[in-house]
Amino acid sequence: MDAADVSQDLDHVLFTEEQIHQRLDELATQIDADYAGREPLLVGVLNGAVMTMSDLARAMHSHMQMDWMAVSSYGAATKSSGVVRILKDLSCDIRDRDVLIVEDIIDTGLTLNYLLDHLRGRGPASVEIMAMFRKPDALQVDVPVRYIGFDIPNEFVVGYGLDYAQRYRNLRDVGTLAPHVYS
Ligand code: PRP
């Protein structure tokens, strides 16, 4: 799906597919260098991180491995508690592994804050975070992110894995949603 396919639903395009891929190439180069001689386990957080994981992994030139988790907050009322429920756990043991969590977006930071703590408890050699987008104005906790694609405004953003009511994940570009869609 291109921005032109949903132009009436978008206020404006923030990043084109080309800009996203260019930034991912830069991050992949950095990750390749940082993990030289090691084989990181990239842990994608479903569903949003599917696009980022898929493009980042292919932009890398070194060996890596891939696993997935699915998490959910306990609902709006308890979201601020930062406790998340694990809906799908990893398939592999991460003890002594170099783990790189791959996320599409950091909003409040609560999901990653919990996940980071939780995965550290499993005895990995290291845990780092890569996130394609981050909303600095929405952060409620300080998450130590090693690799960040773009900082974005605190607006309704869709595309490249980011959804609104489960739609627009397959939009190639990233754009802000027009208010008539969600109001
Ligand atoms: C999104 C995103 C992160 C989380 C970030 O997931 O993928 O996991 O929210 O928000 P936070 O920083 O406020 O915790 P979401 O729960 O929307 O599920 P999805 O990945 O299936 O879209």
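Among residues of the stretch 1-59 being of a type in the set (Val, Ile, Thr) and part of a helix (DSSP H, G or I), the one that is farthest from LEU116 (Cα to Cα) is VAL6. Against the definition (outside any loop (DSSP other than H, G, I, E, B) and in contact with a Cys (Cβ under 7 Å, 6 or more places away or on another chain)), how does ASP67 come out, yes or no? Against the criterion (outside any loop (DSSP other than H, G, I, E, B) and in contact with a Cys (Cβ under 7 Å, 6 or more places away or on another chain)), ASP67 qualifies. Kindly indicate the residue of the stretch 44-65 that is under 15 Å from ASP34 (Cα atoms) and crowded, with 16+ Cβ neighbours inside 10 Å and also nearest to the ligand (Cβ to nearest atom) among those meeting that condition. Ranking the candidates gives LEU56 first. Evaluated against (1) out of contact with any Asp or Glu (no Cβ under 7 Å at 6 or more places or on another chain); (2) closer than 11 Å to VAL102 by Cα, VAL45 falls short on exactly one condition, (1). Of all residues in the stretch 102-130, those satisfying the criterion of being touching a residue at least 40 places away in the same chain (Cβ under 8 Å) and either in contact with a Cys (Cβ under 6 Å, 6 or more places away or on another chain) or closer than 15 Å to LEU56 by Cβ (or both) are VAL102, GLU103, ASP104, ILE105, MET130. For beta carbons closer than 9 Å, sequence separation of 6+ or different chains, a first residue in the stretch 138-156 that is within 19 Å of GLY82 (Cβ to Cβ) and modelled with pLDDT under 95 and a second that is of a type in the set (Gly, Ala, Ser) and open to solvent by 80 Å² or more (accessible area, probe 1.4 Å), the qualifying pairs are GLN140/SER80.
The values are calculated or read from the model by the stated rules, or taken from the named source; none is laboratory data. Computed from a prediction, not measured in an experiment: that's the story for all the values here. No Cβ is skipped: glycine too gets one built from the backbone with ideal geometry, and neighbour counts run over all protein chains shown. Note: areas computed on protein heavy atoms with side chains; ligands, DNA, RNA excluded. Shrake-Rupley method; radii C 1.70, N 1.55, O 1.52, S 1.80 Å.
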